[in-house]
Amino acid sequence: MRKSQKRIILGETYGSITVLSVSKAASTHNMKTYLCKCEKCKNTFEYDGSQIIKYQDQGCPQCRTNLRNEDRIKKTNSYSGAVYGNLKIIKFDHFGKNNVPVVECECLKCGNSCYIPLAKIKCGQASQCSDCGKKNLAIGKEIISMAYVDNTNIIQIQGKRSTNKNSTTGVTGVSYYSKLEKYRAYIFFKGKQYHLGTYSNMEDAIRARKSAEKEVFGNFLKWYQETYPEQWERIQKTQEKKHSR
């Protein structure tokens, strides 16, 4: 059985809401809409009967929003002093786009103040101020430029190569042919793919790939190190910094 709605009396004050009159606006769901006055901020607004009873302690829509924002600001400020990457959160500053809390931060790399949405900091999308980010981006582009030689990326072949999402084996340089029921080993070098043979089991294909990496990549890295010692040293320092974070 549906619970009966409490009868709303014109001129009566419910909590912080005073009912002034029946609104001329169209009623919804067979419920009257009332013109009301908020005793907190003195603004007038419209509620139906159920809203008057439900929100009598909170007031008008704007006062309800203010209460929610106060809670959000308090929760945001609970992160004050926390450090994420190179950012130290100082305090809540304002609500940004889509009403997202934006905090004032200190960039521990350069000491500058910056203002960043808290959500971006917490998820790791932002770990430094925009100025430092631009500097790092410029350095990164320069490092990539000097690391790319003869259609080969030094950084990519030096470290662990990422596995393609479409890999049938989960191992870089090894694929499975279901029609032949065999594993194929291959390697990319200087913009070309080289076939390393087909094998009945994956372990043999992996060994062939590792052997090719050691021989092909190893010799090329040695050549680069001897030919471009200054660039090699800079690339190594940049990679060490990246992995130490």
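Quick rundown of the values:
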item	result
Candidate set from segment 172-189 (those that are within 37 Å of the chain's Cα centre (by Cα) and open to solvent by 40 Å² or more (accessible area, probe 1.4 Å)); member that is nearest to Met202 (Cα to Cα)	Tyr176
Subset tally (residues that are in contact with a Gly (Cβ under 9 Å, 6 or more places away or on another chain) and among the hydrophobic types (A, V, I, L, M, F, W, C)) for segment 76-115	4
Count of residues meeting criterion [touching a strand residue (DSSP E or B) at 6+ places or on another chain (Cβ under 6 Å) and outside any strand (DSSP E or B)] in segment 112-126	3
Of residues in segment 68-111 being assigned to a strand (DSSP E or B), acidic (Asp, Glu) and open to solvent by 50 Å² or more (accessible area, probe 1.4 Å), the one farthest from Asn136 (Cα to Cα)	Asp93
Test: Cys63 is at pLDDT below 95, assigned to a helix (DSSP H, G or I) and touching a strand residue (DSSP E or B) at 6+ places or on another chain (Cβ under 7 Å)	no
Search result, residues across segment 30-46 that are touching a residue at least 24 places away in the same chain (Cβ under 8 Å) and either open to solvent by 80 Å² or more (accessible area, probe 1.4 Å) or farther than 13 Å from Leu10 by Cα (or both)	Met31, Lys32, Cys38, Glu39, Lys40, Thr44
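The values are calculated or read from the model by the stated rules, or taken from the named source; none is laboratory data. Because the structure is predicted, anything quoted here is derived from the model rather than measured. Glycine gets a Cβ as well: all are built from the backbone with ideal geometry, and neighbour counts include every protein chain shown. The protein model used for the area step is the full one, side chains on, heavy atoms only, and it has no ligands, DNA or RNA in it. Shrake-Rupley method; radii C 1.70, N 1.55, O 1.52, S 1.80 Å.
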